[in-house]
Amino acid sequence: MSWSVTLSLLAVSSWLLAFALAVGPVMNQQPTIFDLIQNDPDLSEFFSLISRNELVPTLLKFRQATVFAPNNEAMRAYTGPKDQDLLLYHLANVALTTDKLDQSVSSELPGNPPLWIARRDASSYQYDLYVNDARVILGDIKAMSTRQDEQVLHVIDKVLEPIMTSARDPQLSNPDAARLLERAGSFNLGPYQISDFVQQVTSHKKLSVFATPGRHTFLIPINRGFEAVSRDKIDPKVIDGHIVPNVALFTRPAIRGRPVQTLAFSDNLKVSVSFSNESLPSQEIGSRVYVQSNTLVGDFHHPRGVVVAQVVKANIPVRNGVVHLIDKPLIVIDIDIVNFLKVFEQRNGILYEFYRIMKDFATNFMEGITGAGELTLLAPSNEAFRRLGDKNLNALLANQQKLTEILQLHVIRRRLSSDEIIQNPLFSHVESADRHRRLYFSAFGPDDNITVSVEGGGVNATIIQPDIGALNGIVHIIDRVLGVPTMTVIEKLQQDPIMSKTHALAIQDDFLGRMQAYRDPYNTKIQQKFTMLVPSDEAWEVVHRTMGSAFKKLFMGEYSYNVRQILERHLVVGQELSINNLTSQGRDNYLQTIRGKVKIVFVESGGEYFAEWENIRARVVRPDVQCIDGVIHVIDHVLVQRREISVSGSGRLAVDALLLLSITLTAIFFNKRALQH
């Protein structure tokens, strides 16, 4: 801090003390803000910083003030210098309750940018309040100075970090983004340098854009990011795509996945950016943060696609907004898929585990996709591999052939964007590079937040980061490893969204409980294998449209006995039958279901599979959904006839009575035979 600032504070402090002595003691029924902080055990570390300062305690006792006080956890997490500059950056010389906090607040730290205020909806009735990147966890705690001035305390969950300079230079006071770029060496940017990007900004005469007044977001690539990107690709439009106008987006209050327009948003080129975390939707302090550009409308020099960069130094406040340093330029697609993955070897990012497995255990696979032409890669995140568990992962890595098949399941031999999946309602499946297996896609959710999922080898994964562009294709990051099932048949029924109606019916009459009870008759410790034909939700909608009243009663639980009979026709116990097993049985074979032998014929036609029963022909929309205890085949029609669900409410009682009578007569017959012998 400069001597002039110190002398000014000393003068203020002396005046306040003189005034207090002149007017004498004043009755003060409310505690001062100094007292509140001193008496709060969760603010003890921040109070320790205050008490070590000669001037601030006086200010907090004798005058109006607002204090943004980090709690102990926040103070312990902060590793920067805990000095007077840091302390003053948390103070304002006016009393501001949350309703009076506007877009920005001037702090007591002279020559530093303002504190930026943001509100984010937390529910229909509440919002979260942020100061820079810190969330207010307890606000509007009112106090009163000894002179009866209003004071307000807000407790926050993160330390507010001021911009720091390496030299006391008046030209560095309250810098905007342009001054930060011009004098980057004078600011504490950690180990990062930005001279390569600054050179492009200067050569294209774009520096003035970074000096635009207001509140904006500036995304600045560091030098290391230009190792794989040609500097010639950084033109004026690309530079504009690194600026979000009219909003200062700090990383935590920024809404994950919500795109915002950049300066490069016109008729001929439309580029948006959005923030994300490695483990969506986590926004915990310290979690890795990524920013992605999405070129929605491109041109010859700026192709459509997504570019993802990691934020390596976030939330640098400047006079006209906030600066984030990122590890590579956005918009520019100048790298193939394998080299894109290789980046994660260096930075231990979201696809580090996937790249490590390819490099160390599947070099042939990596070489194969290098020269394979255009393709789409479904790349599992680090979290996807953690979900497998050590046992499953180690078993997979030990089996070279199995590993290669699993990796091939994640490759499509053409470009497939999320837009193509979402905009084509007839699109459902595509061949994977593992020729024996298909991938099944679906899109669901409101128009402004559509989720795309993919089913492969019995695993349903969500695309958490779509459409990352590469020279030879597209990468979609997914949250599970395809082809390595970790669910039982019952668990799959419970969790797969297209099987929800079948699961709802299977709960009736404890059908699932009976499934769990089946055991191998020769070894009761071994779980039986299942083959289940699962009607999709759309299949039940067909029943709804054709047998409306019966459908209602089925799902209201009035026909639970009939439900059980229907589901038993769809279940085989003791065998795990793939679609190839089923189609090879021929037309004269019977399927041994729980209901007994049922003539369900499976045929292949035009690359599609069908199950034929009586006069019903059901298409197998997802064959071979693998589970750890069997296999599911999803069908688009329920194998049911109207006569089975048109009985009266007393139908079950009648059937049960007949069944009981039959059992009784059989028992009498056998007892009589036994007595005769």
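Quick one: length gained pulling T363 to E345 fully straight, 0.36 nm per residue minus the C-alpha distance?
Numbers: separation 18, 0.36 × 18 = 6.48 nm, distance 1.48 nm.
In short, 5.0 nm is gained.
What full-extension length gain, to one decimal in nm, is calculated for V94 and Q641 as 0.36 nm per residue of separation minus the Cα-Cα distance?
Numbers: separation 547, 0.36 × 547 = 196.92 nm, distance 7.62 nm.
Extra length available between V94 and Q641 comes to 189.3 nm.
For segment 174-334, what class follows from the C-alpha gyration tensor (a ≥ b ≥ c being the square roots of its eigenvalues): rounded when a/c is under 1.5, otherwise prolate if a/b is larger than b/c, else oblate?
Details: a/c = 1.29, a/b = 1.02, b/c = 1.27.
Because its axes are fairly even, with a/c under 1.5, segment 174-334 counts as rounded.
Report the FRET efficiency, 1/(1 + (r/R0)^6), for N424 and E73, where r is their Cβ-Cβ distance and R0 is 45 Å, rounded to 0.05.
Numbers: r = 49 Å, r/R0 = 1.08.
After rounding, the FRET efficiency stands at 0.40.
So, in nm, how far is label R595 from label R256 when the simple model puts each one 7 Å beyond its Cα toward the Cβ?
Each label point lies 7 Å from its Cα, and together they span 4.4 nm.
Can you give the three extents of the C-alpha atoms in segment 268-408 along their principal axes, from longest to shortest, in whole Å?
56, 40, 22
How many nm is it between the label spots at F300 and R587, if each spot is 7 Å from the Cα in line with the beta carbon?
Result for the modelled spin labels: 6.0 nm.
Can you compute the FRET efficiency between M556 and Q401 using 1/(1 + (r/R0)^6), with r the Cβ-Cβ distance and R0 = 51 Å? Round to the nearest 0.05. The partial results should precede the final answer.
Working: r = 50 Å, r/R0 = 0.98.
Efficiency, from the Cβ-Cβ distance: 0.55.
What's the magnitude of the charge dipole for segment 174-334 around its Cα centre, counting Lys and Arg as +1 and Asp and Glu as -1 at the beta-carbon? Answer in Debye, nearest 20.
Numbers: 18 positive and 13 negative charges, 68 e Å.
Using Cβ point charges on Lys, Arg, Asp and Glu, segment 174-334 gives about 320 debye.
Tell me the trypsin sites (Lys or Arg not before Pro) within segment 44-77 that lie in a loop according to DSSP and have at most 14 other beta-carbon atoms within 10 Å.
Working: sites: R52, K61, R63, R76; in loops: R52, R63.
Listed in order of number, the matching sites are R52.
Restricting to bridges with both residues inside the chain, how much of the DSSP beta-bridge set is antiparallel, in percent to the nearest 5?
Details: 83 of 108 bridges.
Once the DSSP bridges in the chain are tallied, antiparallel ones form about 75 percent.
How would you order 314-324, 85-95, 394-404 from highest to lowest mean count of nearby Cβ atoms within 10 Å? Before the final figure, lay out the partial values.
Values: 314-324: 23.7, 85-95: 19.5, 394-404: 13.7.
Going from most to least packed, we get 314-324, 85-95, 394-404.
Restricting to DSSP H runs of at least four residues, report the calculated mean residue ellipticity at 222 nm for the chain, -39500 (n - 2.57) per run over all residues, nearest 500 deg cm²/dmol. All intermediate terms of the calculation are to be shown ahead of the outcome.
Details: 23 runs with 215 residues, N = 677.
So the helix-based figure for the chain works out to -9000 deg cm²/dmol.
Tell me which lysines have Cα within less than 23 Å of K552's Cα, excluding those fewer than 8 residues away on the same chain?
K501
Pairs to check: K342/K391; K100/K205; K206/K270. Give those whose C-alpha atoms are more than 30 Å from each other in this structure. Working shown, then result.
Values: K342/K391 26 Å; K100/K205 39 Å; K206/K270 19 Å.
Those over the limit are K100/K205.
Using mean Cβ contacts within 10 Å as the protection proxy, how do 36-43, 132-139 order, highest first? Before the final figure, lay out each step's value.
On the way: 36-43: 16.8, 132-139: 20.0.
Answer by packing, highest mean first, reads 132-139, 36-43.
Testing the spin-label approximation: label points 7 Å from Cα along Cα→Cβ at S166 and D390. State their distance in nm.
Going by the 7 Å Cα→Cβ label model, 4.4 nm.
Report the net charge of residues surrounding P113, where surrounding means a beta-carbon distance below 14 angstrom and charges are Lys +1, Arg +1, Asp -1, Glu -1. Provide the component values of the computation, followed by the final result.
Numbers: positive: R179, R215, R319; negative: D85, E108, D133, E161, D176.
With Lys, Arg at +1 and Asp, Glu at -1, the net is -2.
Over segment 59-201, what is the percentage of antiparallel beta bridges among all DSSP beta bridges, to the nearest 5? Write down the numbers at each step before the final one.
Working: 18 of 24 bridges.
Just about 75 percent of them are antiparallel.
What relative contact order, as a whole-number percentage, does the chain give when Cα pairs under 8 Å and 6 or more residues apart are counted? Don't skip to the end; give the middle numbers.
Working: 1258 pairs, mean separation 48.9, N = 677.
It comes to 7 percent, rounded to a whole number.
Which of the trypsin sites (Lys or Arg not before Pro) found in segment 429-511 are loop residues per DSSP with 15 or fewer other Cβ atoms within 10 Å of their Cβ? The partial results should precede the final answer.
On the way: sites: R435, R437, R438, R480, K492, K501; in loops: R435, R437, R480.
The qualifying sites are R435.
Based on other C-beta atoms within 10 Å, arrange K313, K142 from fewest to most.
Numbers: K313 17, K142 14.
Ordered by Cβ neighbours within 10 Å, fewest first: K142, K313.
To make sure I understand the rule: partners must be aspartates and glutamates, Cα under 18 Å from the Cα of K492, and not fewer than 8 residues away in the same chain. Which ones qualify?
E455, D479, D510, D537, E538, E568, E576, D624, D629, D636
Under 20 Å Cα-Cα from K142, which aspartates and glutamates qualify once same-chain neighbours fewer than 8 residues away are excluded?
D35, D40, D42, D99, D102, E108, D128, E150, D157
Between Q494 and S230, what's the calculated FRET efficiency when r is the beta-carbon distance and R0 is 35 Å? Round to 0.05.
On the way: r = 50 Å, r/R0 = 1.44.
The pair Q494/S230 has a calculated efficiency of 0.10.
Only the coordinates and a few stated rules stand behind these numbers; no lab work does. Just so you know, these numbers come straight off a predicted model, no measurement behind them. In this analysis, Cβ positions are derived from the backbone assuming ideal geometry, glycine residues included, and neighbour counts consider all displayed protein chains.
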